[in-house]
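To keep things clear, I will list the structure first and then write my remarks on it.
Just so you know, all these numbers are worked out from the coordinates, no wet-lab data involved. Nothing here was measured: the structure is a model prediction, and the numbers come from that model. Because the Cβ atoms are built from the backbone with ideal geometry, glycine has one as well, and the counts that use them run over all protein chains shown.
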Amino acid sequence: MSNETNIHRDSRLAKLKALQDRGYNPYPYRFQPDAFAADLQEKYKNLEAGTDTEDRVTIAGRAMAVRNSGMFIDVKDASGKIQAFCHKNHLSENDMEILKNLDVGDIVGISGYIRRTPRGELSIAAEKFDIISKSLQPLPEKFHGLTDVDARYRQRYVDFIMNDDSREVFKKRCEITSAIRRYFEDHKFLEVETPILHTIMGGASAKPFITHHNSLDMDLYLRVAPELFLKRLVVGGFDRVFEIGRNFRNEGIDKNHNPEFTALEAYMAYADYNDMADLISDMVGYVAEKVLGTRKITFGEHEIDLSKPFPKKPIIDLIKEHAGIDLLQAETLDEAKAMARSAGVNADDCSCWGKVVQEVFDEKVEHLLIQPVHVMDMPRDISPLAKTNRHNPRLVEHFDTYIGGMEMGCAYSELSNPLEQRERFEAQAAERAAGDDEAQMLDEDFINALENGLPPTGGMGMGIDRLAILLTNSATIRDVIAFPTLRKKD
């Protein structure tokens, strides 16, 4: 804590003591406002300058600016800002003594009548004044706000107090989640909850977090995806299910990745990945319209149209177009690596053909996919939970959706053959034994569930944080997560 901060805090502590010495409690149990700033600004927008009313209201909010020794206070509540006019002619002597101990950042409760000042500022002429939470920490200087990026994320509560843009992004993120929920409920999906603590890591290729259950004396994995449990529910007769919840992946942090993130997954019986392509296109457009009022959005320098069904382009064709190589012509892993090198991509560490395909795509194609597109038909050897492509056995019916140069989500025709699923898991287990700690594990209970019969099923997953990045035109995932994961501060 800096010396300057210490001085300000000491001053606030002295004011707190002065209030308490008067027998006043600046931390009451409750306070009941009956009006909000934005509603008042709208209701009285036509009130002429210099006009007083007899309309009395009670507001509560944070004092963001204090002028003329407290005569004028800018009060900010959850809806907006309004001015309070505090004059000794309208306040009791006790209220004036309380007012003397006011600091910027204190939360206040004010009752009074509505007026518009001769200068045109809508105000509440205070007839009762209370400090209902004395702030002991000074807010950042008002003209510059909380501009230190690291401090903004570490003290997000201060960021939300000072930066209206940050508050608006977070509100929109909440509206996005709400709109997604409405969309699936309107389409007869049932919202469910599945375990976060897993005995077997599966549902996605990712490095898990490991924890320990003391009573059972066993290690557990924080889930990397809810997929295998959601498909168990489809086996159990719940034909349309979805879940919105936290996933955890022990991976690096960058502008599109946070170790814990909010994901949507949905499964629909008697459907395939083509049905899920239609669903994703429609759902993303629906959410944009509900939150932003339009299906045509701005992201960075780009105008993006979410109003039409997203086109489908095979990953192999996109690599041909942008890297100039046809990896389907590579019959061995070495041939695939050589092709990658010819395109300027180092794939020498890749352990299978599919990983070469993914490496070339990531380097040469992904960042170019600004307009919405479903990247279709992924390699079979890196997608163990999707059905084999009905036209090419080296591929599976799995697509990834890209918008704004980001992978937004994916979908499968879900693998329902338990014998083939076992073979895929065993291949993943071999990869894991060879040192790939992101490869999935053999889940005997899930295979047993499939042996009870999984109907033809389409499944999809999407990162809600990334959708929020897109729809709020944000630069990084940290901007759309209230409390992102940060390195521990010394």
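A full extension of the chain between residue 136 and residue 89 corresponds to an added length of 14.0 nm, given 0.36 nm per residue minus the alpha carbon distance. Please label the shape of region 430-490 as rounded, prolate or oblate, based on the square roots a ≥ b ≥ c of the eigenvalues of the alpha-carbon gyration tensor (a/c under 1.5 means rounded; beyond that, a/b larger than b/c means prolate, else oblate). Oblate, since a/c reaches 1.5 and b/c is not below a/b. Packing here is the average count of other Cβ atoms within 10 Å per residue, and on that basis the peptides 231-242, 45-56, highest first, run 231-242, 45-56.
Available extension along the chain between residue 149 and residue 326 is 59.3 nm, counting 0.36 nm per residue and deducting the alpha carbon span. A Förster distance of 60 Å, applied to the separation of the beta-carbon atoms of residue 417 and residue 38, puts the FRET efficiency at 0.60. R0 = 30 Å: FRET efficiency of residue 250 with residue 65, Cβ-based, nearest 0.05? Result of the calculation: an efficiency of 0.10. With a simple spin-label model that places each label point 7 Å from the Cα along the Cα-to-Cβ direction, the separation between residue 207 and residue 437 comes to 0.5 nm. Taken about its Cα centre, region 340-490 carries a charge dipole of about 440 debye when Lys and Arg each add +1 at the Cβ and Asp and Glu each add -1 at the Cβ. Among 459-472, 271-284, sorting by the average number of other beta carbon atoms lying within 10 angstrom of each residue, highest first, gives 459-472, 271-284.
If you bin all the Cα-Cα distances of region 129-262 at 5 Å, starting from zero, the percentages per bin are 2, 8, 12, 13, 14, 14, 12, 10, 8, 5, 2, 1, 0.
Going by a ≥ b ≥ c, the root eigenvalues of the Cα gyration tensor, does region 1-56 fall in the rounded group (a/c under 1.5), the prolate group (a/b larger than b/c) or the oblate group? Prolate, because a/c is 1.5 or more and a/b exceeds b/c. Could you tell me the distance between the Cα centroids of region 82-97 and region 427-459, to the nearest Å? Taking the Cα centre of region 427-459 as reference, the centre of region 82-97 is 69 Å away.
Spin-label pair residue 9-residue 216: with each label point 7 Å from Cα along the Cα-Cβ axis, the two points sit 4.3 nm from one another.
In a fully extended conformation the segment linking residue 30 and residue 307 would gain 95.0 nm over its present Cα-Cα distance, using 0.36 nm per residue. Roughly how many whole Å is it from the C-alpha centroid of region 220-258 to that of region 166-200? So the two Cα centres are separated by 12 Å. Sorting 68-79, 289-300 by their mean Cβ neighbour count within 10 Å, with the most densely packed peptide first, gives 68-79, 289-300.
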